[in-house]
1. Using a 10 Å cut-off around each Cβ, can you sort 168, 106 from fewest to most neighbouring Cβ atoms?
2. Antiparallel as a % of all DSSP beta bridges within the chain, to the nearest 5?
3. At a 10 Å Cβ-Cβ cut-off, how would you order 4, 172, fewest neighbours first?
4. Running a GNM on the chain with Cα contacts under 10 Å, which residue among 91, 79, 65 ends up with the highest mean-square fluctuation?
5. Counting other C-beta atoms within 10 Å, which of 173, 31, 47, 149 has the fewest, and how do the rest follow?
6. Taking Cα pairs under 8 Å and at least six residues apart, what relative contact order does region 35-155 come out at, in percent?
7. How large is the helix-only mean residue ellipticity at 222 nm for the chain, computed as the sum of -39500 (n - 2.57) over DSSP H runs with n ≥ 4, divided by its residue count, in deg cm²/dmol to the nearest 500?
8. Using a Gaussian network model of the chain with C-alpha springs under 10 Å, which one of 94, 197, 19 is most mobile by mean-square fluctuation?
């Protein structure tokens, strides 16, 4: 598989089969992903992987605290403006449409949102953390590391779903993982093999036309 194919095939999967993923495979993906670019070679990422009994124990904590905690950062800016507001709105509509959930059925939408806390049934949950004193450039480095993880997973026949949902559980995650005070959670990720028959996995998020977001000059 080449990189072009991996990028094309990567989508956020929200219904997984329970088949276990070997530790050696997860480790190999993470090691190879660490070749991501990193300004000054700071390598800001710190990763925790859960599976089996530890993952079940963590999910039980989340289920007991369905409302979460105060996030340490805004996943989206307050009062999101155009065109970002419309893009987010449409993505939500497209996602719930795969499940036949209308906009007015708020309870059904909340139940689907809560499935984030179960990692959508994936057998592996990953958490990505970094030193809280680091700045936006290092957050970008961590994002590139996560992208490497997702593309390598595709190459190995796995699927993923990056989850900023976990920003709602900074205390729960930190306490469970034993994070030192100088470390903070950035995001999580579900990893496993998709349920090919689940309708939610048919969603492929739209992208704007190239001309709307790019200019090439001097060519």
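1. On the way: 168 18, 106 10.
In increasing order of surrounding Cβ atoms, one gets 106, 168.
2. Numbers: 20 of 21 bridges.
DSSP beta bridges in the chain are roughly 95 percent antiparallel.
3. Values: 4 8, 172 19.
Listed from fewest to most nearby Cβ atoms, that is 4, 172.
4. Greatest mean-square fluctuation among the candidates belongs to 79.
5. Neighbour counts put them in this order, fewest first: 31, 47, 173, 149.
6. For region 35-155, the relative contact order is 60 percent.
7. Numbers: 8 runs with 86 residues, N = 219.
One gets -12000 deg cm²/dmol as the mean residue ellipticity at 222 nm.
8. 197
None of the figures in this text is laboratory data; all of them are computed from the coordinates on show. Just so it is clear, the structure is predicted and the values come from calculations on it, not from any experiment. All Cβ positions, even for glycine, are placed from backbone atoms using ideal geometry, and neighbour counts span all protein chains on display.
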